Amino acid sequence: MDASVWMAALSGLIGTGIGAGASVWATIATQRHQAKTARDQQQGELTKVAAEALLTELFAIQQKSHDAPDDMGPGGNGLEWHRELRRHAERAESALLRMPSAELRQRVKETLDMTANWASYRDIMWFTDWIEHLARESQELVGAYLRQEALPPRSDKVGQGLRVKHEASLRTQRIQSLPIQAQAEPQE
């Protein structure tokens, strides 16, 4: 056989190998892209479901601020009202855990913690106004996230609430760090 025949055959084999390799590579790349697209779509659906559950609970918290009983003292309806408020906050926090944004989770968790512990902030403002403000700020945060906008800055009221919480934490730490004086054993 002539060398040109061998060269043609070898060139054909090399071309076939390159074509097959490119085909395999293109197939793998396409499958990876499709898998990523499917994962992104599934994550988007899960985020949408979590956001809807979160917003539902935030609107329920806002509504609770409007129907607070007048008799919040002992023996009144305040205890059941507060329990229900805490349940809404807990369900909202459960939905919040499924949100992919760490900044959103942290900011909304701050407001939910203040909502559930509203009695600690009664010096800042009347509790129903406080709870409604916290619910609205959380709703704005979730809305901005869903619209893919930058999260709005903390309101002055939430900033004040965080300062109150921090100061209370510092007081607790100071009290806990005080030396405990041992009581002398009574001598017989």
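Throughout, read-outs are computed from the coordinates displayed, never taken from laboratory work. The shown structure was predicted, so the numbers you read here are calculated from the model rather than taken from an experiment. Note: ideal-geometry Cβ built from the backbone for every residue, glycine included; neighbour counts use all protein chains shown.
Lys pairs in the chain, Cα-Cα under 20 Å, at least 8 apart or on separate chains: how many?
Final tally of qualifying lysine pairs is 7.
Determine, for each peptide in 87-100, 158-171, the mean count of other beta carbons within 10 angstrom over its residues, then list the peptides with the highest first.
Listed from highest to lowest mean packing, they are 87-100, 158-171.
How much length would be gained if the chain were fully extended between residue 162 and residue 101, taking 0.36 nm per residue of separation minus their Cα-Cα distance, in nm to one decimal?
Gain in length upon complete extension: 19.9 nm.
Would the range 124-169 count as rounded, prolate or oblate if I go by the C-alpha gyration tensor, calling it rounded below 1.5 in a/c and otherwise prolate when a/b exceeds b/c, oblate otherwise? Walk me through the numbers on the way to the answer.
Values: a/c = 3.28, a/b = 1.71, b/c = 1.92.
Oblate shape, in that a/c is at least 1.5 and b/c is the bigger or equal ratio.
Relative to the longest principal Cα axis of the chain, at what angle does helix 78-96 sit, 0 to 90 degrees, rounded to 10?
For helix 78-96, the angle is close to 20 degrees.
Name the residue farthest towards the positive end of the dipole of the chain from the options 146, 33, 51, assuming +1 on Cβ of Lys and Arg, -1 on Cβ of Asp and Glu, about the Cα centre.
Going by the charge dipole, the pick is 33.
Provide 56, 27 in ascending order of the number of other Cβ atoms located within 10 Å of each residue's Cβ, fewest first. Write down the numbers at each step before the final one.
On the way: 56 14, 27 10.
Lowest count first: 27, 56.
Using only Cα atoms, tell me the angle between helix 102-116 and the longest principal axis of the chain; keep it within 0 to 90° and round to the nearest 10.
It is inclined by approximately 20 degrees.
Most fluctuating residue of 130, 81, 25 in a GNM of the chain with Cα springs under 10 Å: which is it?
Among 130, 81, 25, the largest mean-square fluctuation in the Gaussian network model of the chain belongs to 25.
Determine the sum of side-chain charges near residue 33: Lys and Arg each +1, Asp and Glu each -1, restricted to other residues whose C-beta is under 15 angstrom from that of residue 33. The partial results should precede the final answer.
Details: positive: 32, 36, 39; negative: 40.
Result for the local shell: +2.
So how do 136-144, 16-24 stack up, highest first, on mean other-Cβ count within 10 Å?
Numbers: 136-144: 19.0, 16-24: 10.0.
Highest mean packing first, the order is 136-144, 16-24.
Given a Förster distance of 22 Å, report the FRET efficiency between residue 49 and residue 29 from their Cβ-Cβ distance, rounded to the nearest 0.05.
Once rounded, the FRET efficiency stands at 0.10.
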